[in-house]
Structures are given as C-alpha cells and as structure tokens.
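> Okay, handing you the structure first.
The values are calculated or read from the model by the stated rules, or taken from the named source; none is laboratory data. Since we're looking at a predicted model, the values are computed, not measured. Quick reminder, even Gly has a Cβ in these numbers, built from the backbone with ideal geometry, and neighbours come from all protein chains shown. Side chains are part of the model used for accessible areas, which takes the heavy atoms of the whole protein and leaves out ligands, DNA and RNA. Shrake-Rupley method; radii C 1.70, N 1.55, O 1.52, S 1.80 Å.
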Amino acid sequence: MKRFIKIVLSISFIFYLFALLVLLFLGTRGNVWADLTLLEYIKSSSNFVPFKTISTYTNAIFNGSMNMDIPIKNLVGNLIMFLPMGIYLPYFIKRINKKSIFSIAMIILLFVIEVIQIVIRRGSFDIDDFILNMLGALIGFGLSKMKFVQKLQKYNRGDSSFADKSL
C-alpha cells in the first residue's frame with residue numbers, strides 16, 4: 001500500500017509539473033510585442049510595484065468595473081497555482097521540510113519562473129503574481145504540516161508507530 005501511495009503521489013506530481021509548464025510557458029499569452037527589444041518589453045509589460053495588480057483586481061471585484069472572471073481567475077488562480085508545491089516539495093525533498101528553507105527555495109523558484117516568462121515573452125514579470133504564488137505555496141506548506149497529513153506521510157515512509165494508531 002505504501003508503494004502504491006508513493007507511485008500515485010509521484011505520478012500526480014509529474015502531472016502537476018506538466019500543467020504548470022503549460023500554464024506558465026506554453027500558453028497563448030505574451031509575445032504580443034515581438035518587435036520590441038527585451039528591455040522595452042520588460043518596461044512595457046512588468047509590474048514591480050507590490051499590490052498594484054492585486055488592488056486593481058480587488059477594486060474591480062467590489063466596484064464591478066471589470067468582468068468578474070478576470071480578477072477572480074487572476075487572484076484565485078495565482079494563489080492556488082503553487083499550493084500543491086507546498087505539499088509536494090517537502091514530501092519529495094526532505095531538506096525542504098523547514099519553513100525557512102522551503103521559503104528560500106520557493107522564492108528562488110518563483111523568481112526564476114518570472115524571469116523566464118519575461119525573457120521568452122510568455123507573460124510578464126508581475127511582483128503580485130510572485131506574492132500570490134508564494135502565499136499559495138506557504139498555505140500548501142502549512143497544510144502539509146497538519147497532523148492528518150503528517151500521519152499519512154509517516155505511514156507512507158514506514159514509521160511503525162503509525163501502524164498502532166488509527167487516523
């Protein structure tokens with residue numbers, strides 16, 4: 001049973017990584033300003049002001065100035081996009097089991113993703129996406145530390161003390 005759970009988690013992680021790859025790099029967004037230099041593209045499509053996009057979308061939700069799908073998909077989508085990473089990474093990489101190490105790893109990963117998106121012109125560098133992605137990852141990390149999840153992980157790793165206790 002432990003082996004089966006590990007296989008299922010591994011396969012689901014691969015599917016999750018594939019979905020992230022498609023969403024972040026292979027979608028139809030970006031590449032609109034192909035005739036601009038990279039520096040011009042960065043200037044015209046980046047947001048380096050924290051909470052600028054978040055506040056714009058939040059205001060749009062409350063005042064109805066935008067189709068509700070746009071702010072909801074952006075805010076909630078960016079929040080939950082990296083939530084699974086907060087569960088998968090500590091499970092598969094034992095060194096990332098502490099909040100500080102996990103946070104540093106996620107900051108590096110998210111920064112690299114944002115830079116790649118801007119360089120290949122598949123999106124923009126948006127500090128608010130970074131904030132929401134990081135928050136989602138931290139929520140996932142918090143979920144992975146819940147007693148129920150910890151018990152499942154101990155069971156899957158073969159901790160014999162778990163066999164005596166029920167979920």
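> Given the structure, is PHE13 open to solvent by 70 Å² or more (accessible area, probe 1.4 Å) and in a helix (DSSP H, G or I)?
no
> Of the residues SER65, SER55, which is free of Cβ contacts under 8 Å to residues at least 60 places away in the same chain, assigned to a loop (DSSP other than H, G, I, E, B) and either surrounded by 12 or more Cβ atoms within 10 Å (Cβ to Cβ) or not hydrophobic (A, V, I, L, M, F, W, C) (or both)?
That would be SER65, the only listed residue that is free of Cβ contacts under 8 Å to residues at least 60 places away in the same chain, assigned to a loop (DSSP other than H, G, I, E, B) and either surrounded by 12 or more Cβ atoms within 10 Å (Cβ to Cβ) or not hydrophobic (A, V, I, L, M, F, W, C) (or both).
> Then there's this: Condition (residue is among the acidic types (Asp, Glu), open to solvent by 70 Å² or more (accessible area, probe 1.4 Å), modelled with pLDDT of 90 or more and in a helix (DSSP H, G or I)) applied to region 100-115: is it met by at least one residue?
Checked against the condition, which is being among the acidic types (Asp, Glu), open to solvent by 70 Å² or more (accessible area, probe 1.4 Å), modelled with pLDDT of 90 or more and in a helix (DSSP H, G or I), region 100-115 yields no hits at all.
> Ok, one more. Limited to region 35-52, what total is found for residues that are open to solvent by 100 Å² or more (accessible area, probe 1.4 Å), modelled with pLDDT of 95 or more and either part of a helix (DSSP H, G or I) or within 21 Å of ARG122 (Cα to Cα) (or both)?
1
> How many residues are aliphatic (A, V, I, L, M) and in contact (Cβ under 8 Å) with a residue 24 or more places away in the chain if we restrict to region 35-52?
Number of matching residues: 3.
> I want to confirm something. Restricting to region 11-34 and keeping residues that are at pLDDT 95 or above and among the hydroxyl-bearing types (Ser, Thr, Tyr), which single residue is farthest from PHE82 (Cα to Cα)?
Step by step, filter region 11-34, then rank; the result is SER12.
> Name the pairs: first residue in region 1-19 and in contact (Cβ under 8 Å) with a residue 24 or more places away in the chain, second residue open to solvent by 100 Å² or more (accessible area, probe 1.4 Å) and not polar (S, T, N, Q), Cβ to Cβ under 8 Å, at least 6 apart or on different chains?
LYS2/ARG157
> Just checking, how many residues over region 41-95 are under 17 Å from LEU135 (Cβ atoms) and of a type in the set (Gly, Ala, Ser)?
Summing the residues that are under 17 Å from LEU135 (Cβ atoms) and of a type in the set (Gly, Ala, Ser) in region 41-95 gives 3.
Conditions tested, residue by residue: (1) buried (at least 19 other Cβ atoms within 10 Å of the Cβ); (2) more than 15 Å from LEU24 (Cα to Cα); (3) modelled with pLDDT of 95 or more.
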{"site": "VAL119", "(1), (2), (3)": "no, no, no"}
{"site": "LEU132", "(1), (2), (3)": "yes, no, yes"}
{"site": "GLY136", "(1), (2), (3)": "yes, yes, yes"}
{"site": "ILE139", "(1), (2), (3)": "no, yes, yes"}
{"site": "PHE148", "(1), (2), (3)": "no, yes, no"}
{"site": "LEU152", "(1), (2), (3)": "no, yes, no"}
{"site": "TYR155", "(1), (2), (3)": "no, yes, no"}
{"site": "ASP159", "(1), (2), (3)": "no, yes, no"}
{"site": "ALA163", "(1), (2), (3)": "no, yes, no"}
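> Give the residue, chosen from ILE96, ILE107, ILE118, that is touching a residue at least 24 places away in the same chain (Cβ under 8 Å), of a type in the set (Val, Ile, Thr) and farther than 17 Å from LEU21 by Cβ.
The unique qualifying residue is ILE107.
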